[in-house]
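Scroll down for the structure; my scribbles are underneath it.
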Amino acid sequence: MTGPIPLRAALGMALLLPSMAVLFSPGAPALAATPTADPPARMCARLGTDDTLRPVPASLAPAVNATFHMKMPPAMVARGTVYRCVDGKVKVCTTGANLPCGKADQSKTPGPGIVAWCRERPEVTFVPAAATGHDTIWEWRCRNGVPQVDKQVLHVDPRGFVAETWKELH
């Protein structure tokens with residue numbers, strides 16, 4: 001069947017596709033292959049520190065919402081939030097367009113997206129995340145067509161993740 005997509009389906013895809021793009025993009029964090037029966041708090045108490053990103057169970061949606069001051073439905077929290085274990089505690093991150101949950105890109109070597117952006121826009125004072133990648137901790141600019149780090153805008157925790165996007169779950 002071909003033809004126009006019903007409005008309800010189109011709206012659903014419009015809401016779902018950005019989340020999928022973040023979760024399944026080349027820089028997206030890898031998730032644990034299989035969910036665990038252990039609740040996150042018990043698992044983290046047992047593991048101590050483990051950088052494996054695991055999906056948050058929907059049952060923790062109220063705690064995640066309180067931690068991030070959000071009001072997302074449980075199913076959406078479960079689809080877009082991951083946890084990892086740090087010093088026996090549960091840390092959570094909810095993905096978003098500019099909210100990286102994987103390891104931070106700390107490199108000051110410009111990637112191909114930044115190089116191309118600066119070649120086409122030799123004197124811009126800001127290079128967007130679409131060109132830099134969403135996991136960089138640097139703000140970039142272009143001078144004479146050459147990418148340059150302008151300043152550090154995000155911090156890295158001791159395990160290499162963006163500190164601002166991870167919070168301890170209470």
Out of all the residues in segment 43-59, is one or more touching a helix residue (DSSP H, G or I) at 6+ places or on another chain (Cβ under 8 Å), within 13 Å of Trp166 (Cβ to Cβ), open to solvent by 20 Å² or more (accessible area, probe 1.4 Å) and modelled with pLDDT of 95 or more?
no
Scanning segment 117-145 for residues that are out of contact with any Gly (no Cβ under 9 Å at 6 or more places or on another chain), over 28 Å from Ala163 (Cβ atoms) and loosely packed, with under 12 Cβ neighbours inside 10 Å gives Asn144
For segment 32-42, how many residues meet the condition of being open to solvent by 30 Å² or more (accessible area, probe 1.4 Å), in contact with a strand residue (DSSP E or B) (Cβ under 9 Å, 6 or more places away or on another chain) and at pLDDT 95 or above?
1
Hey, does segment 155-168 have a residue that's free of Cβ contacts under 8 Å to residues at least 24 places away in the same chain, farther than 30 Å from Ala66 by Cα and within 21 Å of the chain's Cα centre (by Cα)?
no
Which condition breaks for Tyr83 when tested against (1) at pLDDT 95 or above; (2) surrounded by fewer than 17 Cβ atoms within 10 Å (Cβ to Cβ); (3) among the hydroxyl-bearing types (Ser, Thr, Tyr)?
(2)
Say whether the condition of being open to solvent by less than 50 Å² (accessible area, probe 1.4 Å), in contact with a Leu (Cβ under 9 Å, 6 or more places away or on another chain) and within 30 Å of Arg46 (Cα to Cα) is met by at least one residue in segment 104-116.
yes
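Taking segment 155-168 on its own, how many of its residues are open to solvent by 40 Å² or more (accessible area, probe 1.4 Å) and not in a strand (DSSP E or B)?
First, the residues of segment 155-168 that are open to solvent by 40 Å² or more (accessible area, probe 1.4 Å): 155-156, 158-159, 163-164, 167-168.
Next cut, not in a strand (DSSP E or B) only: 155, 158-159, 163-164.
Counting residues in segment 155-168 that are open to solvent by 40 Å² or more (accessible area, probe 1.4 Å) and not in a strand (DSSP E or B) gives 5.
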Kindly list, by first and then second residue, each pair from a residue in segment 51-78 that is more than 16 Å from Asp38 (Cα to Cα) to a residue that is among the aromatic types (Phe, Trp, Tyr), limited to pairs with Cβ atoms under 9 Å and residues at least 6 apart or on different chains.
Asp51/Phe161; Val64/Tyr83
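Does segment 83-98 contain at least one residue that is among the small types (Gly, Ala, Ser) and within 20 Å of Ala41 (Cα to Cα)?
Yes, some residue in segment 83-98 is among the small types (Gly, Ala, Ser) and within 20 Å of Ala41 (Cα to Cα).
The values are calculated or read from the model by the stated rules, or taken from the named source; none is laboratory data. Small disclaimer: the values here were computed from a predicted structure and weren't measured. A quick note on method: Cβ atoms are made from the backbone with ideal geometry, for glycine too, and the neighbour counts reach across all protein chains shown. With ligands, DNA and RNA removed, areas are computed over all heavy atoms of the protein, side chains included. Shrake-Rupley method; radii C 1.70, N 1.55, O 1.52, S 1.80 Å.
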